[in-house]
1. Strands (runs of 3 or more DSSP E) wholly in segment 178-243 with at least 3 residues that are at pLDDT 95 or above and surrounded by 20 or more Cβ atoms within 10 Å (Cβ to Cβ) - which ones?
2. So, in segment 246-267, how many residues would count as being closer than 30 Å to Gly88 by Cα and in contact with a helix residue (DSSP H, G or I) (Cβ under 9 Å, 6 or more places away or on another chain)?
3. Within segment 267-285, which residues are free of Cβ contacts under 8 Å to residues at least 60 places away in the same chain and either touching a His at 6+ places or on another chain (Cβ under 7 Å) or surrounded by 13 or more Cβ atoms within 10 Å (Cβ to Cβ) (or both)?
4. Within segment 81-106, which residues are free of Cβ contacts under 8 Å to residues at least 40 places away in the same chain and within 14 Å of Ile150 (Cα to Cα)?
5. Among the residues of segment 6-36, write down those that are outside any helix (DSSP H, G or I) and crowded, with 24+ Cβ neighbours inside 10 Å.
6. Which residue pairs have Cβ atoms closer than 7 Å, lie 6 or more positions apart in sequence or on different chains, and pair a first residue in segment 5-16 that is at pLDDT below 95 with a second residue that is in a strand (DSSP E or B) and surrounded by fewer than 24 Cβ atoms within 10 Å (Cβ to Cβ)?
7. Are any residues in segment 58-87 out of contact with any Leu (no Cβ under 7 Å at 6 or more places or on another chain) and open to solvent by less than 30 Å² (accessible area, probe 1.4 Å), and if so, which ones?
Amino acid sequence: MQSLPSTPDFAIVGGGIVGACLAEELSSQGASVRVLDAGAEPGHATHRAAGVAVPSLRYLDDHEFYSWLRSAKLDLDADVARLEPEFGTFSVGRPILRALREQDIETYGHLLTEAGAGARVSGDDLAAVATGLKLPTSRHYLHAEGGLMIDGRRYLAAVRGRCREQGVDWRQECRVREVRADGHQVAIRTDHATLHADRVVIAAGAWSSGTGLAESTGIRPQRGQMVVLRSDEKLTSILSSAYYLAPGVGDDILVGATEEDAGFADHVTTQGVGALLRFATTAMPSLAASVPVELRAGLRPVSDTGRPLAGALPGQDRIFISAGHAGHGLLSARTTAKGMAAGLLGDDWDALPYRMCPTQAQGGAA
């Protein structure tokens, strides 16, 4: 393994799944990479993510972005096949059952079939695909194969393992306070020293727009609470409704997730947990006897456009951002990384949707 130069080609601020996948992509193509992460362990939001890794129907009316998310699912499937044999299981596949409201049908009805979102399920046929669930037969449902759950902690550990094999210099407890252009390099001020790199990518999730980082992008946190239940009951599908009910990679059942503007408060609340438990026991009454083994709250990074930002910061040619993935970071991290690597190494940004360009998101020309 070659030693990393004192001034690497790239420094990545943030060691969650988005930063880790980018570090792997860049280093696999010969670039020298250093990852700087603030925590004692990597992946604050990644570890706390629920892990439902399917394109959300909320993006159906944005054809380019929804198609990109569908491509991301294929890239994630490839990661599962590539990494699990070496680093251990971090996924579980199940069909997904989506409960739709009448307004969803009115808004997206003409798009659902085109998007391949699943087959319509009538109330009479519901019992056959919703074993153990008690769902209102008056609702509309879609059932599709190919649903996927990802354990964020295990997925990140696998990608980090590949990064180590490729010589990535990964540093924990290295909080970055400021990133600024410094001649033909970028200066990175941490609590202990000032480092340099040829180029820097800010991939610090909800913290990406912190003081001294990408402040103008408006990336902000959105709290998501979830509950992990231990039960003898088995879920044969992933239920997506007002919340979701899904099998974990182990034998646990995951219930989530709230979407709250609570700043950087990353704790659970009685109100949030209560709402999740009511949903779970209503949808699957037998879970009333289950044991809550974990209460979890994470901070998703969201942007003003509702899309991730990936590319050069406005007015910069050496400082980039890859953040704002909201609830689909585990799903789209690999595809984002591939698009970012193509742009950073070959100046080819066409693989990333137009609306993800940071300059375009602020009203400029992409």
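The values are calculated or read from the model by the stated rules, or taken from the named source; none is laboratory data. Everything numeric here is computed off the predicted structure, so don't read it as measured data. Neighbour counts are summed over all protein chains in view; Cβ atoms, including those assigned to glycine, are modelled from backbone coordinates with ideal geometry. Heads up: the accessible areas ignore ligands, DNA and RNA and are worked out on the full protein's heavy atoms, side chains in. Shrake-Rupley method; radii C 1.70, N 1.55, O 1.52, S 1.80 Å.
1. In segment 178-243, the matching strands (runs of 3 or more DSSP E) lie at 199-202, 220-230.
2. Narrowing segment 246-267 to residues closer than 30 Å to Gly88 by Cα: 246-258, 266-267.
Checking which are in contact with a helix residue (DSSP H, G or I) (Cβ under 9 Å, 6 or more places away or on another chain) leaves us with 249, 253, 255-258, 266.
Of the residues in segment 246-267, 7 are closer than 30 Å to Gly88 by Cα and in contact with a helix residue (DSSP H, G or I) (Cβ under 9 Å, 6 or more places away or on another chain).
3. Let us first name the residues in segment 267-285 that are free of Cβ contacts under 8 Å to residues at least 60 places away in the same chain, namely 267-281.
Residues satisfying the conditions are Val268, Thr269, Gly272, Val273, Ala275, Leu276, Leu277, Phe279, Ala280, Thr281.
4. Narrowing segment 81-106 to residues free of Cβ contacts under 8 Å to residues at least 40 places away in the same chain: 81-82, 85, 101-103, 105-106.
Passing the criteria: only Ala81.
5. Pass one, segment 6-36, residues outside any helix (DSSP H, G or I): 6-16, 29-36.
Within segment 6-36, Phe10, Ala11, Ile12, Val13, Gly14, Gly15, Gly16, Val33, Arg34, Val35, Leu36 qualify.
6. Once the first residue is at pLDDT below 95 and sits in segment 5-16, its partners that are in a strand (DSSP E or B) and surrounded by fewer than 24 Cβ atoms within 10 Å (Cβ to Cβ) give Thr7/Gln185; Thr7/His196.
7. Asp62, Phe65, Trp68, Asp79, Val80, Leu83
Here is a yes/no grid of residues against (1) modelled with pLDDT under 95; (2) among the aliphatic types (A, V, I, L, M); (3) open to solvent by 40 Å² or more (accessible area, probe 1.4 Å):
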position	(1), (2), (3)
Glu106	yes, no, yes
Gly123	yes, no, no
Val129	yes, yes, no
Gly132	yes, no, yes
His140	yes, no, yes
Arg160	no, no, yes
Glu165	no, no, yes
Val168	no, yes, no
